[in-house]
Amino acid sequence: MEKSLLDFNVGFVKLKYYLIILAVTIVAVATKTVPPGWLGGFLVCTVFGIGLTALGDVCPIIKDYLGGGAFLAIFGGAFLIYLKVFNESTVKVIDNLIRSMDYIGWAVMGLICGSILTMNRKLLIRAGILYLVPILAGILCSFAFAGIGGAIMGFGWREAIMFIALPIMGGGTSAGAVPTSQLYGQALAKDSGYYLSLLMPAVVLGNVISIVCGGLLNRLGNVFPKLTGNGVLVEGVDLTEEKKEEKPVDYYYLGAGFILSGVFAALGILIAKLVPAIHYYAWTIMIVAVVKMLGIFPKELEDQMSQWYQFILKVTLPAVMFGIGCAYTDLAVVKESFTITYFVIVLITILGALIGTAFAGRLVKFYPVESMITAGLCMSNMGGTGDVATLGAANRMELMPFAQISSRIGGAIIIVVASILVPLIGKGL
């Protein structure tokens, strides 16, 4: 018997039920009766997120070249905000969930802890310090491409490096563009607010292009399988040793996984108070990685973390993607900065990062597609939120630990690079 269209799933509910849920949600939005707080934000972001994700996963061009559901959820959310479809109270509920309550941070912490603790131990040990090689190569090539492109197109090689390449590769807004603008304000002629207004269009447009490139690299891996490890970064690692048997969902396991991700986050924040120069995400990654590499994390707790990780992947991500689109993807900024010259320089900056990370990744035996996604695109996107969006578009969420290293450690490297470049090439800008 053929399955009815209404019996197909939209996210985790059948279409026949989803249509009723969607109708009620739209009425709640229109009449300003969306529940307050976390529940209301989760309702709106999840209902619209799973719908757009399901649609993106079946649209030919979007699913084949742009990252499928993740892409449509992000840019669908951004488009709804840009068109002012949602009333002010609904926008506030979404914004509270995503920004004030840090829903994205909650999901990212589960992804970080879950992906590392369920990762093959040999792979984690082998990646180690070698991961900095493609990151540094990506930075160097992106700056070179931007400078050459800026000089050829009359934009100025110094301007292209300082105001386009550097903010794009700088780890997003709070950990990238903001401290960089402050550094510029202290060393150059104008105040930090002026420089921040110059940096932000590059950050936003770079993030958009990075997400699109994530989808394209996923397609590249499908067409040329030898270029990808399908979510595994390092070539030649035997993954049979730590293959895990699928276990039935245990609600106690989910609860334990939730708490464990919070415990690791608390440890990261504690160390960050002692060494504030490094973001607590980076400290959390290091703590979890050391625990995994030493083999001291109990197998039972690893299984519990694994189920929480799967829950985050399968249930919460559509809401995360939609929330990123609503709260962090400003299409007005993209539109204002969209001149052909500016767009081309942003594009070739990211192209430089991809070429640099692909070749350097090969030198340390990383798969090119995974190296370009993590050390390239997760440097050029908008920090933590950009990592989730880019990995979602690339269908490689298991690479989150490496993505976060790019955003946090790589972002810190860019601040150091900026402090060196400003006195060398920044005078008069």
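The values are calculated or read from the model by the stated rules, or taken from the named source; none is laboratory data. Remember, it's a predicted structure, so these values are computed and weren't measured experimentally. Positions of Cβ are backbone-derived with ideal geometry, glycine not excepted, and every protein chain shown enters the neighbour counts.
Quick notes on this one:
- S115 within 23 Å of A412 (Cβ to Cβ) and either small (G, A, S) or modelled with pLDDT under 85 (or both): yes
- Pairs, first at pLDDT 90 or above in the range 121-144, second not in a helix (DSSP H, G or I), C-beta under 8 Å, six or more apart: V133/V364; P134/V364; P134/F366; G138/M169; I139/M169; S142/M169; F143/M169
- Check on G68, under 18 Å from the mean Cα position of the chain (by Cα), closer than 20 Å to M101 by Cβ and not hydroxyl-bearing (S, T, Y): no
- Criterion (closer than 18 Å to G68 by Cβ, at pLDDT 90 or above, crowded, with 24+ Cβ neighbours inside 10 Å and within 18 Å of the chain's Cα centre (by Cα)) met by exactly one of I373, I324: I373
- Within the range 287-300, the residues that satisfy the criterion of being surrounded by fewer than 17 Cβ atoms within 10 Å (Cβ to Cβ) and without any contact (Cβ under 8 Å) to a residue 60 or more places away in the chain are V290, L294, I296, P298, K299, E300.
- Among the residues of the range 334-347, those that are over 19 Å from the mean Cα position of the chain (by Cα) and surrounded by fewer than 23 Cβ atoms within 10 Å (Cβ to Cβ) comprise K335, E336, S337, F338, T339, I340, T341, Y342, F343, V344.
- All of K84, K122, K63 fail the test of being out of contact with any Lys or Arg (no Cβ under 7 Å at 6 or more places or on another chain), within 30 Å of T31 (Cβ to Cβ) and of a type outside the set (G, A, S), apart from K84.
- Residue within the range 114-133 that is among the small types (G, A, S), crowded, with 22+ Cβ neighbours inside 10 Å, in the same structural domain as G11 (by TED's automatic domain parsing) and under 17 Å from the mean Cα position of the chain (by Cα) present: no
- Residue in the range 185-200 that is assigned by TED's automatic domain parsing to the domain that holds V291, in a helix (DSSP H, G or I) and more than 21 Å from K427 (Cβ to Cβ) present: yes
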